[in-house]
Amino acid sequence: MLSLKEIKEKLAYANGTESWLKELEEDSRVGANKLFTSWKKKQHLKMLEKQAHEEKIMFDQSFCTSEHDLVAGVDEAGRGPLAGPVVTAAVILKSNAEELVGLNDSKQLSKAKRNELAVRIKNNAISYFIHFQSVEKIDELNIYEATKQSMTEAVLSLTEQPSVVLVDAMALPIDIDTHSIIKGDAKSLAIAAASILAKTARDHYMDQLHEEFPAYLFNNHAGYGTKQHVEMILKHGPTEHHRKTFEPIKSMISLSRGSNLN
């Protein structure tokens, strides 16, 4: 009979086809039972992840008219924050993307997992491009138009031009077959990949911004309007990286100008 330590070691590499698993299933020891139950749960989660992965690939392929069509996924990060750029990404994945099993909406993953997946995505991409839309452009155009322009730039900057473009809830003014997908990062593998690239690139940018402006703690909130961030703006005033057309910054600037005139 295998010891509990031996069982744990063997289960770490088991794929479900091993003959000794039948013996383990019938093992009456409480410890062996717990190990087997835990392994079965993990196997079930892996199966669900693989199933979801295949469904996302099928979703992307459903927009193709030929097996040679290239599908680009497009998404953004940072439309809502009070500071920092909006970052968009476009990515065309290789058809064999088994390394990306478990890829999901970036908001549902930890920062460490997103960073790990970003490396895998780049390794499994035929082409990708990440575009940073400046705060100045956001204030000039408005966030919706600035995001749309950034997404368009990301698509047109791909080294391989796609046959189909799938965008997370946005219509783009490009001469390519384009589809706006509501909650696309949960349905499309290509959009989910773009979501990860945009999010990790923006987080890295905001971490660097924290080094330049440590008082604002950009590494904690990534520029979003948290209570902590608003307090820092009220205390220190907005920086050049804050969006002047976003509240409460817009009102603060207006009040400051009014008091200067008086």
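Read-outs: derived from the displayed coordinates by stated rules, not from any lab. Values in this document were obtained by computation on a predicted structure and should not be read as measured data. Note that each Cβ is placed from the backbone with ideal geometry, even for glycine, and that neighbours are counted across all protein chains shown.
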ask   = Between Rg and the Kirkwood Rh of region 71-209, both from Cα atoms, what is the Rg to Rh ratio?
value = 0.94
remark   = Once both label points are put 7 Å beyond Cα along the C-beta direction, the ILE253-GLU240 separation in nm becomes 1.4
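Classify region 1-148 as rounded, prolate or oblate from the Cα gyration tensor: take a ≥ b ≥ c as the square roots of its eigenvalues, call it rounded if a/c is under 1.5, otherwise prolate when a/b beats b/c and oblate if not. It would help to have the intermediate numbers written out before the result.
Working: a/c = 3.75, a/b = 2.19, b/c = 1.71.
Prolate, since a/c reaches 1.5 and a/b exceeds b/c.
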request  = Assuming R0 = 22 Å, can you tell me the calculated FRET efficiency for the pair GLU23 and GLN51, based on Cβ-Cβ distance, to the nearest 0.05?
outcome  = 0.15
Peptides ranked, highest mean first, by Cβ atoms within 10 Å: ranges 168-178, 15-25, 137-147 = 137-147, 168-178, 15-25
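Distances over 34 Å make up what percent of all Cα-Cα pairs in the chain?
Counting every Cα pair in the chain, those more than 34 Å apart make up 36 percent.
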ask   = So which helices of the chain fit the span-like rule, where a helix is a whole DSSP H run, its Cα atoms reach 27 Å or more along the axis, and its mean Kyte-Doolittle is at least -0.5?
value = 189-212
task = Please report the Cα spread of region 4-61 along all three principal axes, rounded to whole Å, starting with the longest.
result = 47, 18, 17
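For region 71-209, what's the relative contact order in percent, using C-alpha pairs closer than 8 Å and at least 6 residues apart?
On the way: 286 pairs, mean separation 53.7, N = 139.
Relative CO of region 71-209 lands at 39 percent.
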request  = For a quick protection proxy, order the peptides 110-116, 52-58 by their average other-Cβ count within 10 Å, most packed first.
outcome  = 52-58, 110-116
request  = Give LYS148/LYS250; LYS113/LYS250; LYS10/LYS122; LYS42/LYS113 a once-over and call out the pairs whose C-alpha atoms are over 25 Å from each other.
outcome  = LYS113/LYS250; LYS10/LYS122
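Under the rule of -39500 (n - 2.57) per DSSP H run of 4 or more residues, summed and divided by the residues of the chain, what mean residue ellipticity at 222 nm is obtained, to the nearest 500 deg cm²/dmol?
Helix contribution divided over all residues of the chain: -16000 deg cm²/dmol.
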Computed over the chain: relative contact order in percent, which uses C-alpha pairs under 8 Å that are six or more apart = 23
task = Report the residues of region 149-176 in range of a label on ASP69: point 7 Å along Cα→C-beta, backbone N strictly under 12 Å from it.
result = 163-166
key: For region 120-159 and region 1-59, distance of Cα centres in Å   = 42
remark   = Taking ASP185, ASP207, ASP27 and counting other beta carbon atoms within 10 angstrom, the fewest-first order is ASP207, ASP27, ASP185
message = What's the ranking of 77-84, 39-46 by average number of surrounding C-beta atoms within 10 Å, highest first?
response = 77-84, 39-46
Proximal aspartates and glutamates to LYS227, defined as alpha-carbon separation beneath 16 angstrom and excluding residues fewer than eight positions away on the same chain = GLU247
Loop GluC sites (Glu not before Pro), region 150-231 (other Cβ atoms within 10 Å of the site Cβ: 16 or fewer; DSSP) = GLU160
note = For the GLU231, LYS111 Cβ pair and Förster radius 25 Å, calculated FRET efficiency rounded to 0.05 is 0.60
